[in-house]
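Colleague: Provided herewith is a single structure, encoded as structure tokens, for subsequent inquiry.
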Amino acid sequence: MITRDGEPTRQAACLDPLAGLRTPADPPCDVYLTGSVFLDIIFTGLDSAPVRGTESWARGMGSSPGGVANMATALARLGLRTSLAAAFGDDHYGEYCWDALEQGEGIDLSLSRTVPGWHSPVTVSMAYEGERTMVSHGHEAPPSESAPDCPPPARAAVASLTPGTRAEWIAQAARTGTRVFADVGWDETGRWDPADLADLAHCEAFLPNAEEAMRYTRTDCPRAAARALTEYVPLAVVTLGAEGAYAVDGATGESAQVPAIEVEALDPTGAGDVFVAGFVTGTLAGWPLADRLALAGLTAALSVQEFGGSLSAPGWSEIAAWWQEVQEIADQDPAALRRYAFLEALLPAAARPWPLRRAVPTIGFGRSA
């Protein structure tokens, strides 16, 4: 997070979900991930999509690290010790993103590097009607600046699979005992062939959305798709949008579904990353499958009420404030409240009312602002 005077301030998580599990023999890193960091510029408060040949004014605007930084921030805010290997541009944008992640969020960037003469990739996101439109620009980092061949020891790693491409670090991480959680982007080739996701063989869990899951399994039902995916990966989790999420553990045969929380969505940017971060957190903490889905869905729901990707990722203080607020609302469905009762013994006392609003970051205010 960046304060309004432009100075980065570390937002240490107020809760360590793995506190009772840690031993001196543990790796220093809970979660490792690698990928591209973008500078995200987000416009909100648009009544509709921009019209060709006209100028549109947005009622809100912010900027924050994006791309893989969305996932890294979400993990760190949930109290996981997060290590990110990424290339950063040798410009003010890159410097801003580095400071926001390292100083602002406490993310370990010792495996990251600044690439001389390379400018930061940029994404402009326009949010309207609960959806978003994005325009990006950037150049691929030089090959010598790729992720380390040997990833560090970690409890878990999060990988974004690219159809038809192998990432050797995924297999190496799995061989050292790291639990790999994977999502996937849209298959631009249109093949939707599971054989193109060879790295799934090294993954513990796969978390696609419903459309992706059905296309890869040639099914017309996301629940059937989740079951079919367990032929390729031990645990399949399919996000169902407004219907929540469904998961199948192929090893035990257990399945679980948790409905979505109804919220007024401002910007869905990064919600998928936040969902994965919540699920990874619950898994490393050893929670039951349904509780892991519930935390993942809750964090994603809280995130879409704010704009931006990394900016909107909730921490435990936001979750605690939500839990306090929701219990005070009259006519709540008792069964729905019980679904989240596992949070009671975990959460810190809510220090501020919900919803919580973060400071709007920019590239940096002047000292006199």
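Colleague: How about segment 81-91: which of its residues are assigned to a loop (DSSP other than H, G, I, E, B) and surrounded by 24 or more Cβ atoms within 10 Å (Cβ to Cβ)?
Modeller: So the first thing to find is which residues in segment 81-91 are assigned to a loop (DSSP other than H, G, I, E, B), and the list is 81, 86, 90-91.
Ala86, the sole residue that qualifies.
Colleague: Take segment 186-223 and flag every residue that is in a loop (DSSP other than H, G, I, E, B), of a type in the set (A, V, I, L, M) and within 22 Å of Leu289 (Cα to Cα).
Modeller: Leu207
Colleague: Sort through Trp98, Trp169 and tell me the only one that's part of a helix (DSSP H, G or I), closer than 30 Å to Pro348 by Cβ and either open to solvent by 30 Å² or more (accessible area, probe 1.4 Å) or in contact with a Pro (Cβ under 6 Å, 6 or more places away or on another chain) (or both). Don't jump to the end; show me each part of the working.
Modeller: Values: Trp169 fails: closer than 30 Å to Pro348 by Cβ.
The unique qualifying residue is Trp98.
Colleague: Between Asp220, Asp187, Asp183, which is within 30 Å of Glu262 (Cα to Cα), among the acidic types (Asp, Glu) and open to solvent by less than 10 Å² (accessible area, probe 1.4 Å)?
Modeller: Of Asp220, Asp187, Asp183, the one residue that is within 30 Å of Glu262 (Cα to Cα), among the acidic types (Asp, Glu) and open to solvent by less than 10 Å² (accessible area, probe 1.4 Å) is Asp187.
Condition check ((1) in contact (Cβ under 8 Å) with a residue 60 or more places away in the chain; (2) touching a Lys or Arg at 6+ places or on another chain (Cβ under 9 Å); (3) not in a helix (DSSP H, G or I)) across all residues:
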| site | (1), (2), (3) |
| --- | --- |
| Ala225 | no, yes, no |
| Val238 | no, yes, yes |
| Ala242 | no, no, no |
| Glu264 | no, no, yes |
| Val276 | yes, no, no |
| Gly297 | no, no, no |
| Leu302 | no, no, no |
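Colleague: Residue check, Ser310 against (1) at pLDDT 85 or above; (2) open to solvent by less than 10 Å² (accessible area, probe 1.4 Å), all met but one. Which one?
Modeller: For Ser310, the failing item is (1).
Colleague: With (1) surrounded by 14 or more Cβ atoms within 10 Å (Cβ to Cβ); (2) among the hydrophobic types (A, V, I, L, M, F, W, C); (3) within 20 Å of Ala72 (Cα to Cα) as the list, and Ala210 as the residue in question, which single condition is left unmet?
Modeller: (3) is the only condition that Ala210 fails.
Colleague: Can I ask one more? Kindly provide the set of residues from segment 313-338 that are part of a loop (DSSP other than H, G, I, E, B) and open to solvent by 40 Å² or more (accessible area, probe 1.4 Å), ordered by number.
Modeller: Within segment 313-338, Glu328, Ile329, Ala330, Asp331, Gln332, Asp333 meet the criteria.
Colleague: Filter segment 339-363 down to the residues that are part of a loop (DSSP other than H, G, I, E, B), small (Gly, Ala, Ser), at pLDDT 60 or above and open to solvent by less than 90 Å² (accessible area, probe 1.4 Å) and list them by number.
Modeller: Hit for segment 339-363 is Ala350, nothing else.
Colleague: Follow-up. If Asp196 satisfies every condition in (1) surrounded by 22 or more Cβ atoms within 10 Å (Cβ to Cβ); (2) in contact with a Gly (Cβ under 6 Å, 6 or more places away or on another chain) but one, which is the exception?
Modeller: Among (1) surrounded by 22 or more Cβ atoms within 10 Å (Cβ to Cβ); (2) in contact with a Gly (Cβ under 6 Å, 6 or more places away or on another chain), the lone unmet condition for Asp196 is (1).
Colleague: Against the condition open to solvent by 10 Å² or more (accessible area, probe 1.4 Å), under 29 Å from Arg77 (Cβ atoms) and modelled with pLDDT of 95 or more, how does Gly250 come out, does it pass?
Modeller: no
Colleague: I'd like the residue in segment 43-82 that is out of contact with any strand residue (DSSP E or B) (no Cβ under 8 Å at 6 or more places or on another chain) and basic (Lys, Arg) and, out of all such residues, is farthest from Pro27 (Cα to Cα).
Modeller: By that ranking, first place goes to Arg52.
Colleague: Consider segment 223-246. How many of its residues are open to solvent by 60 Å² or more (accessible area, probe 1.4 Å), touching a Leu at 6+ places or on another chain (Cβ under 7 Å) and under 19 Å from Gly282 (Cα atoms)?
Modeller: Residues that pass the stated criteria total 0.
Colleague: Also: So how many residues does segment 248-270 have that are out of contact with any helix residue (DSSP H, G or I) (no Cβ under 6 Å at 6 or more places or on another chain) and either among the aliphatic types (A, V, I, L, M) or on the phi > 0 side of the Ramachandran plot (or both)?
Modeller: Within segment 248-270, residues that are out of contact with any helix residue (DSSP H, G or I) (no Cβ under 6 Å at 6 or more places or on another chain) and either among the aliphatic types (A, V, I, L, M) or on the phi > 0 side of the Ramachandran plot (or both) number 4.
Colleague: Next up: Residues of segment 28-72 being of a type in the set (A, V, I, L, M, F, W, C), out of contact with any Cys (no Cβ under 9 Å at 6 or more places or on another chain) and not in a strand (DSSP E or B), which ones?
Modeller: Leu46, Ala49, Val51, Trp57, Ala58, Val68, Met71, Ala72 - these are the residues of segment 28-72 that are of a type in the set (A, V, I, L, M, F, W, C), out of contact with any Cys (no Cβ under 9 Å at 6 or more places or on another chain) and not in a strand (DSSP E or B).
Colleague: Does segment 205-242 hold any residues that are of a type in the set (Gly, Ala, Ser) and within 19 Å of the chain's Cα centre (by Cα), and which are they? Step through it out loud before you land on a result.
Modeller: Pass one, segment 205-242, residues of a type in the set (Gly, Ala, Ser): 205, 210, 213, 224-226, 228, 236, 241-242.
Ala205, Ala210, Ala213, Ala236, Gly241, Ala242, listed by residue number.
Colleague: For Glu95, state whether it is in contact with a Leu (Cβ under 7 Å, 6 or more places away or on another chain) and of a type in the set (Asp, Glu).
Modeller: Spelling it out, it is not the case that Glu95 is in contact with a Leu (Cβ under 7 Å, 6 or more places away or on another chain) and of a type in the set (Asp, Glu).
Colleague: Of the residues in segment 16-52, how many are open to solvent by less than 60 Å² (accessible area, probe 1.4 Å) and not acidic (Asp, Glu)?
Modeller: Counting residues in segment 16-52 that are open to solvent by less than 60 Å² (accessible area, probe 1.4 Å) and not acidic (Asp, Glu) gives 20.
Colleague: Restricting attention to segment 101-111, which residues are open to solvent by less than 40 Å² (accessible area, probe 1.4 Å) and either in contact with a helix residue (DSSP H, G or I) (Cβ under 7 Å, 6 or more places away or on another chain) or modelled with pLDDT of 95 or more (or both)? Reasoning before the result, please.
Modeller: Residues of segment 101-111 that are open to solvent by less than 40 Å² (accessible area, probe 1.4 Å), as a first pass: 101, 104-107, 109.
Once the filter is applied, which keeps residues that are open to solvent by less than 40 Å² (accessible area, probe 1.4 Å) and either in contact with a helix residue (DSSP H, G or I) (Cβ under 7 Å, 6 or more places away or on another chain) or modelled with pLDDT of 95 or more (or both), segment 101-111 yields Leu101, Glu105, Gly106, Ile107, Leu109.
The values are calculated or read from the model by the stated rules, or taken from the named source; none is laboratory data. Because the structure is predicted, anything quoted here is derived from the model rather than measured. Backbone-built Cβ (ideal geometry, glycine too); neighbour counts: all protein chains shown. Calculation scope for accessible area: heavy atoms of the full protein, side chains included, ligands and nucleic acids excluded. Shrake-Rupley method; radii C 1.70, N 1.55, O 1.52, S 1.80 Å.
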